[in-house]
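One structure is given here, and the rest of the page talks about it.
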């Protein structure tokens, strides 16, 4: 596989991951209801927490459906962020800054998750899951950065 193909494959992985993590926010209540109907899929330590989250979403949506609009905008933001990768997909060398920006965003997940997660009384296991998105995202981005450097050396 040549360098440009590897870069584009990594970018497609990143884009799909961002889109999936965002779009799955739209049906959050039905996803949680399905999960609560299949408790065998949920590790024991997380069941009570996810049940609380489900009830909070369900009760909030029943009493204040307009708050779910915030989830819609969260999903939309993921779609917009994914669109930022069109540039590096088309011309990785010229748009290397997008990869740098995305790597910084992945690193920024950690302080946000620990600071806001603690302030919002999010359990540690869930904070660590959120941090895993930043950690896992860094891997293909770092590879892209490395391959873009290689590609730019070939063009000199």
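The values are calculated or read from the model by the stated rules, or taken from the named source; none is laboratory data. Small disclaimer: the values here were computed from a predicted structure and weren't measured. Cβ atoms come from the backbone with ideal geometry, glycine included; neighbour counts cover every protein chain shown.
Odds and ends about this structure:
- Selection within the range 34-60 - in contact (Cβ under 8 Å) with a residue 12 or more places away in the chain and surrounded by 11 or more Cβ atoms within 10 Å (Cβ to Cβ): 35, 36, 46, 49, 50, 51, 53, 54, 57, 58
- Condition check for residue 125: out of contact with any helix residue (DSSP H, G or I) (no Cβ under 6 Å at 6 or more places or on another chain) and in a helix (DSSP H, G or I): yes
- Residue check, residue 66 assigned to a helix (DSSP H, G or I) and either surrounded by fewer than 15 Cβ atoms within 10 Å (Cβ to Cβ) or touching a residue at least 24 places away in the same chain (Cβ under 8 Å) (or both): yes
- Filtered by the rule that a residue be part of a helix (DSSP H, G or I) and either under 23 Å from residue 102 (Cα atoms) or touching a strand residue (DSSP E or B) at 6+ places or on another chain (Cβ under 8 Å) (or both), the range 16-34 gives 16, 17, 18, 19, 20, 21, 22, 23.
- Residue that is in a helix (DSSP H, G or I), modelled with pLDDT under 95 and in contact with a helix residue (DSSP H, G or I) (Cβ under 9 Å, 6 or more places away or on another chain), where the choices are 13, 45: 45
- There is no residue in the range 102-120 that is under 30 Å from residue 2 (Cβ atoms) and not in a helix (DSSP H, G or I).
Every residue, every condition in (1) buried (at least 16 other Cβ atoms within 10 Å of the Cβ); (2) touching a residue at least 24 places away in the same chain (Cβ under 8 Å), yes or no:
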{"site": "81", "(1), (2)": "yes, yes"}
{"site": "96", "(1), (2)": "yes, yes"}
{"site": "106", "(1), (2)": "yes, yes"}
{"site": "116", "(1), (2)": "no, no"}
{"site": "121", "(1), (2)": "no, no"}
{"site": "125", "(1), (2)": "no, yes"}
{"site": "128", "(1), (2)": "no, no"}
{"site": "144", "(1), (2)": "yes, yes"}
{"site": "152", "(1), (2)": "no, yes"}
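- Matching residues, the range 1-33, being within 22 Å of residue 70 (Cβ to Cβ) and loosely packed, with under 13 Cβ neighbours inside 10 Å: 20, 24, 30
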